[in-house]
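The values are calculated or read from the model by the stated rules, or taken from the named source; none is laboratory data. Worth saying up front: this structure is predicted, and the values here are computed from it rather than measured. Side chains are part of the model used for accessible areas, which takes the heavy atoms of the whole protein and leaves out ligands, DNA and RNA. Shrake-Rupley method; radii C 1.70, N 1.55, O 1.52, S 1.80 Å.
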Amino acid sequence: MRKIEETLTQYAAYHRDRRNIATHFVGIPMIVFAVVLALATATITVGPMAVTMAAIVSIVACIYYFLLDRVFGLTMAVVLFAMCAAASEITARMTTGATLGIAGLVFVVGWALQFLGHKFEGMKPAFYDDVMQLAIGPLFICAEAFFLLGAKPQLRRYIEERVGPTVARRAHAQGAQDERPRASA
């Protein structure tokens with residue numbers, strides 16, 4: 001399994017513009033919640049216990065995140081299981097069709113924000129090169145939140161040494177070159 005440093009550095013190489021990161025802070029949670037909400041409509045009954053697909057997928061994701069980094073894994077567990085609880089409340093109060101409609105709308109808006117962010121960035125999304133990057137997006141947002149709070153400075157330094165710091169750029173003139181550093185390797 002890849003290390004957290006390598007995983008986040010690869011993702012960060014596609015996300016250096018602060019406007020892109022800002023759109024991801026909204027878009028990624030929307031996408032994740034939409035998926036959780038849709039998966040909460042499906043349950044599996046094992047003996048006397050019913051478990052939603054949202055809970056099963058969240059457990060798998062949290063195990064993966066925990067294996068990469070314990071603190072991030074636990075943080076993501078809190079976030080994902082809060083989303084599962086909210087999704088369970090929604091599915092208990094609405095029809096499956098209405099729930100899936102809301103999930104679909106939230107999913108589309110979340111992805112629109114993602115692509116808007118990558119327009120600011122001037123780069124394609126990371127998952128175009130590696131589909132596993134779809135699973136890393138939520139972890140990247142978790143890491144960026146920690147960095148904003150001053151936590152995990154060594155990890156932040158490791159990433160920035162390889163791909164450069166995040167930048168706030170003015171719009172470039174058409175055809176101007178972007179002089180931001182790119183990932184090496």
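Ordering 44, 159, 63 by how much accessible area each has at a 1.4 Å probe, largest first, what is the list?
Numbers: 44 70, 159 10, 63 95 Å².
Output order, biggest surface exposure first: 63, 44, 159.
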| message | Let me check something: with ligands and nucleic acids excluded, how do 157, 16, 93 order by accessible area (1.4 Å probe), largest to smallest? | response | 93, 157, 16
| What are the ³J(HN,Hα) values, in whole Hz, obtained from phi via the Karplus relation 6.51 cos²θ - 1.76 cosθ + 1.60 with θ = phi - 60°, for each residue of the range 4-17 in sequence order, with x given for Gly and Pro? | 4, 4, 5, 4, 6, 5, 4, 5, 5, 4, 9, 9, 10, 7
| message | For 69, 17, give me the order by solvent-accessible area with a 1.4 Å probe, most accessible first, ignoring ligands, DNA and RNA. | response | 69, 17
| request: Take the alpha carbon gyration tensor of the range 52-104, find the square roots of its eigenvalues, order them as a ≥ b ≥ c, and report rounded if a/c is under 1.5; if not, report prolate when a/b exceeds b/c, else oblate. | output: prolate
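Shape of the range 38-144 from its Cα gyration tensor (a ≥ b ≥ c, root eigenvalues): rounded if a/c is under 1.5, otherwise prolate when a/b > b/c, or oblate?
Values: a/c = 2.37, a/b = 1.33, b/c = 1.78.
Oblate, since a/c reaches 1.5 and b/c is not below a/b.
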| message | So for the range 1-137, averaging the separation of alpha carbon pairs under 8 Å that are six or more residues apart and normalising by length, what relative contact order in percent results? | response | 41 percent
